[in-house]
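Step one of this worksheet: look at the structure below.
The values are calculated or read from the model by the stated rules, or taken from the named source; none is laboratory data. Here the structure is a predicted model, which means the values were calculated and not measured. FYI the Cβ positions are ideal-geometry reconstructions off the backbone, even for glycines, and counts take in every protein chain you see. Calculation scope for accessible area: heavy atoms of the full protein, side chains included, ligands and nucleic acids excluded. Shrake-Rupley method; radii C 1.70, N 1.55, O 1.52, S 1.80 Å.
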Amino acid sequence: MGEQKKTFQPSFFERIGISTFHLINRVVPWFKLPTFLGAINLAFLRIELRGYNLHDGYASASEQGSPGDTPMMDERFQTARNSDGQFNSLEQPRMGCTGMRFGRNFPREHCQKPTEEELWFPNPRIISEKFMARKEGGFIPATTLNLLAAAWIQFQTHDWFNHELDHENEPHDIPLPPGHSWQGKMTLPKTKPDEILDPSDVKCPGYKNVNTAWWDGSQIYGSTEEATRALRTSRPDGKLELAENRTGAFIPRDKDGNPRTGFSDNWWVGMEMLHTLFALEHNALCDMFQKAYPKWTGDQIFDKARLVNSALMAKIHTVEWTPAILAHPILELGMNANWWGLVGEKLTKMLGRISKNSEIISGIPGSGVDHDEIPFSLTEEFISVYRMHSLLPDNIAFFEATHGKHYTTTPLADLTFQNAQKPLESGISFGDLFYSFGINYPGAITNNNYPNFLRDLHTPDGLHRDMGTVDIVRDRERGVPRYCAFRRMLRLSVPKTFEELTGGKKELAEQLSEVYSGNIELVDALVGSHSEPVIPGFGFSETAFRIFIVMASRRLKSDRFIAGQWNAEMYTKEGLHWVQHTTMKDVLIRHFPELEDTLKNSQNAFAPWEMKPDSKNYQGIETNAKKT
Ligand code: HEM
């Protein structure tokens with residue numbers, strides 16, 4: 001690979017910072033530095049990566065539209081999120097919209113459509129069997145997290161992205177190696193490429209995001225204005241429609257039994273819980289606004305409640321979920337700094353922003369929008385690193401929330417799609433469900449930890465997929481570079497041997513070498529990420545983490561409603577206070593007060609909750625495992 005070109009030039013001061021940390025990191029990696037210095041190191045690393053690792057999915061920025069070709073017909077969207085994602089950027093109103101292409105973290109010439117040989121070698125089904133399949137009784141729990149953390153990240157990804165599949169043309173016919181069984185042929189619809197707008201799209205096709213790319217709660221509000229309208233009540237109260245039965249409120253169903261919410265694919269009990277929770281939070285916000293502003297119309301109430309609810313989810317993700325899964329003091333400081341700045345939460349809550357524009361001193365919200373010269377989109381590589389299917393356990397153990405009595409343990413496979421409400425039907429309440437998720441472990445993101453039901457998954461659209469195979473095929477199909485190239489372009493060291501890749505795990509190195517014919521350059525990004533040694537406290541690889549460094553802050557920094565008009569004029573004083581003073585724990589207790597006692601000592605709602613005495617008697621691996 002030749003020298004990578006930068007898409008933007010850091011300032012003189014930033015270049016000095018970057019070079020200084022390069023020198024320091026030759027001796028000490030960032031994660032071994034004292035906490036404060038480590039956080040500064042990450043801040044400069046982020047600037048460096050922004051220069052190299054942001055690339056538009058279009059050959060021309062004109063695809064982002066202009067006020068001339070995409071006029072704002074309704075002034076409402078100056079101060080409200082548009083469900084199609086339009087007008088977040090007033091200058092380039094189609095940016096981040098439903099149906100816009102995914103971008104790239106690597107130059108497009110390095111993300112080309114594979115040849116048939118490249119697509120199928122080594123055979124993705126063999127990879128799934130060798131490196132993904134969970135062995136019988138071999139669930140590897142992530143003991144620093146709870147199952148809510150797994151459900152949360154799927155819930156968030158449903159806000160951010162979804163690829164469109166091509167159900168009309170010939171599907172992939174995945175070659176099955178001799179002796180490997182599957183019911184019939186293993187076919188998979190191809191990812192639908194966008195039309196060719198430029199000659200470069202032939203070699204590197206663009207793929208569309210059918211969700212808005214913004215952090216706008218589209219998983220609960222929908223990704224079109226029409227979808228949003230259909231989810232609201234017919235009353236002028238700004239609320240989302242919820243159904244009600246003796247167990248409380250829940251997401252209503254359409255005539256075919258599908259959940260009526262913004263994004264209902266890949267539904268299971270975890271989605272049922274989080275969609276319900278944040279629909280309830282939206283409705284609580286509506287009550288608050290109606291009281292504070294009795295003259296507001298239903299639209300005004302809805303718009304502000306959505307703004308606040310979306311910002312709250314972004315904040316919970318930034319300062320709670322991320323430090324839980326990347327449990328390292330530098331990340332704790334760094335992620336808090338993304339929201340509150342290095343001056344910290346207390347001072348920012350008390351005084352507001354003390355630095356007008358510095359995201360480092362006072363955090364990203366309100367620091368000013370900056371796309372780093374590349375139109376905002378989420379990227380193919382961002383999706384690739386969120387392929388975290390191994391977070392899902394085989395079974396979920398259910399308990400009663402107040403005393404902790406064990407009810408039952410159910411295979412997760414029996415709690416998906418139409419069966420997501422099964423526990424509620426058997427008398428387990430939402431409060432019980434949250435308590436149970438609070439003490440169940442998710443799976444660790446590592447080799448051989450895919451739940452087997454996902455490797456034999458029948459979805460309501462009639463498809464039958466091995467998600468291990470699919471995860472590999474999708475990355476290759478969409479031109480995501482393989483592990484070594486991926487690391488090289490993220491300016492990380494590249495292993496020369498399989499043993500170096502696995503951090504000295506000989507047996508794994510041998511298996512990888514065998515499957516990848518001794519060619520380390522062929523190792524898939526996902527397999528390499530699952531095989532490398534992890535930084536202490538981290539729930540996923542450093543390779544994946546580099547993509548997060550760039551993208552986690554970008555989602556905030558590009559958003560007009562977060563980095564831009566982050567003020568009481570946009571959010572109201574009550575709305576801003578709601579975002580800044582609410583945590584995941586508060587949301588849970590607001591809607592399920594029975595959880596208050598359990599959560600009173602919890603520092604982070606995504607770490608295992610304190611168990612009630614009766615739950616401690618349960619011996620299953622779901623809640624009881626040797627701490628790692
Ligand atoms: C019971 C739970 C789940 C089910 C049934 C499920 C199923 C699926 C299916 C069917 C797809 C589309 C596959 C294709 O491309 O043909 C998919 C994609 C994906 N899933 Fe899951 N999944 C689940 C949980 C999760 C979790 C916990 C995560 C963690 C973040 C996750 C992350 C992803 C990602 C990143 C994609 C790619 C989306 C895209 O291509 O745009 N999933 N999943």
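Considering only residues that are in contact (Cβ under 8 Å) with a residue 60 or more places away in the chain and either within 11 Å of the ligand (Cβ to nearest atom) or surrounded by fewer than 20 Cβ atoms within 10 Å (Cβ to Cβ) (or both), which ones fall in region 165-198? If you could, list the steps in order and put the result at the bottom.
The initial filter retains those residues of region 165-198 that are in contact (Cβ under 8 Å) with a residue 60 or more places away in the chain, namely 172, 174, 182-183, 186, 188-191, 194, 197-198.
Within region 165-198, His172, Trp182, Gln183, Leu188, Pro189, Lys190, Thr191, Asp194, Leu197, Asp198 qualify.
Filter region 358-406 for residues that are within 16 Å of the ligand (Cβ to nearest atom) and part of a strand (DSSP E or B); which is surrounded by the fewest Cβ atoms within 10 Å (Cβ to Cβ)? Spell out how you get there, then give the answer.
Residues of region 358-406 within 16 Å of the ligand (Cβ to nearest atom): 377-396.
Cutting the leftovers down to part of a strand (DSSP E or B) gives us 379, 395-396.
Values: Thr379: 26, Asn395: 19, Ile396: 24.
Ranking the candidates gives Asn395 first.
May I ask you to list the residues in region 255-284 that are open to solvent by less than 40 Å² (accessible area, probe 1.4 Å), within 14 Å of the ligand (Cβ to nearest atom) and of a type in the set (D, E, K, R)?
Result: Glu272, single match.
For the list (1) within 16 Å of the ligand (Cβ to nearest atom); (2) assigned to a helix (DSSP H, G or I); (3) of a type in the set (Asp, Glu), I need the number of the one condition that Asp287 fails.
With (1) within 16 Å of the ligand (Cβ to nearest atom); (2) assigned to a helix (DSSP H, G or I); (3) of a type in the set (Asp, Glu) applied to Asp287, the lone miss is (1).
Test of understanding: among Ala625, Ala568, which residue is aliphatic (A, V, I, L, M), open to solvent by 30 Å² or more (accessible area, probe 1.4 Å) and out of contact with any Lys or Arg (no Cβ under 8 Å at 6 or more places or on another chain)? If you could, list the steps in order and put the result at the bottom.
Working: Ala625 fails: open to solvent by 30 Å² or more (accessible area, probe 1.4 Å).
Criteria check complete, one pass: Ala568.
Per-residue answers, yes or no, for (1) in contact with a strand residue (DSSP E or B) (Cβ under 7 Å, 6 or more places away or on another chain); (2) within 30 Å of Thr497 (Cα to Cα); (3) part of a helix (DSSP H, G or I); (4) of a type outside the set (A, V, I, L, M):
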residue	(1), (2), (3), (4)
Val534	no, yes, no, no
Thr543	no, yes, yes, yes
Leu576	no, no, yes, no
Glu594	no, no, yes, yes
Asp597	no, no, yes, yes
Thr623	yes, no, no, yes
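Give Phe131, Phe139 a once-over and let me know the one that is among the aromatic types (Phe, Trp, Tyr), more than 10 Å from the ligand (Cβ to nearest atom) and out of contact with any helix residue (DSSP H, G or I) (no Cβ under 6 Å at 6 or more places or on another chain). Spell out the reasoning first.
Numbers: Phe131 fails: out of contact with any helix residue (DSSP H, G or I) (no Cβ under 6 Å at 6 or more places or on another chain).
Within the list Phe131, Phe139, the selection yields Phe139.
When both residues are 6+ apart or on different chains and their Cβ atoms are under 7 Å apart, which pairs have a first residue that lies in region 376-395 and is farther than 16 Å from Asp471 by Cα, and a second that is within 6 Å of the ligand (Cβ to nearest atom) and assigned to a loop (DSSP other than H, G, I, E, B)?
Matching pairs, first to second residue: Leu378/Phe161.
Looking only at residues that are within 16 Å of Val523 (Cα to Cα) and charged (D, E, K, R) in region 458-474, which one is farthest from the ligand (Cβ to nearest atom)?
Selected residue: Asp471.
Any idea which of (1) in contact with a Pro (Cβ under 7 Å, 6 or more places away or on another chain); (2) assigned to a helix (DSSP H, G or I); (3) away from the ligand (no atom under 16 Å from the Cβ) is the one Glu514 doesn't satisfy?
(1)
Given the residues Met288, Met350, Met335, which is the only one that is in contact with a Pro (Cβ under 6 Å, 6 or more places away or on another chain) and open to solvent by 10 Å² or more (accessible area, probe 1.4 Å)?
Details: Met288 fails: in contact with a Pro (Cβ under 6 Å, 6 or more places away or on another chain); Met350 fails: in contact with a Pro (Cβ under 6 Å, 6 or more places away or on another chain).
When all the criteria are applied, what remains is Met335.
For region 346-375, which positions are among the charged types (D, E, K, R) and without any contact (Cβ under 8 Å) to a residue 24 or more places away in the chain? Step through it out loud before you land on a result.
Of all residues in region 346-375, those among the charged types (D, E, K, R) come to 346, 349, 353, 356, 359, 370, 372-373.
Across region 346-375, the qualifying residues are Lys346, Arg353, Lys356.
Take the residues in region 407-416 that are assigned to a strand (DSSP E or B) and open to solvent by 40 Å² or more (accessible area, probe 1.4 Å), then tell me which one is nearest to the ligand (Cβ to nearest atom).
In this case the residue turns out to be Pro411.
If the Cβ limit is 7 Å and pairs must be 6+ apart or interchain, which residue in region 463-483 that is touching a residue at least 60 places away in the same chain (Cβ under 8 Å) pairs with which residue that is within 8 Å of the ligand (Cβ to nearest atom) and open to solvent by less than 10 Å² (accessible area, probe 1.4 Å)?
If the second residue must be within 8 Å of the ligand (Cβ to nearest atom) and open to solvent by less than 10 Å² (accessible area, probe 1.4 Å), the pairs left are Arg465/Leu188; Val470/Leu188; Val473/Leu188; Arg474/Thr191; Asp475/Ser384; Glu477/Thr191; Arg478/Thr191; Val480/Ser384.
Arg455: open to solvent by 20 Å² or more (accessible area, probe 1.4 Å), away from the ligand (no atom under 13 Å from the Cβ) and outside any loop (DSSP other than H, G, I, E, B), yes or no?
No.
Counting only residues that are aliphatic (A, V, I, L, M) and touching an Asp or Glu at 6+ places or on another chain (Cβ under 7 Å), which one in region 577-622 is most open to solvent (accessible area, probe 1.4 Å)?
Result: Ile589.
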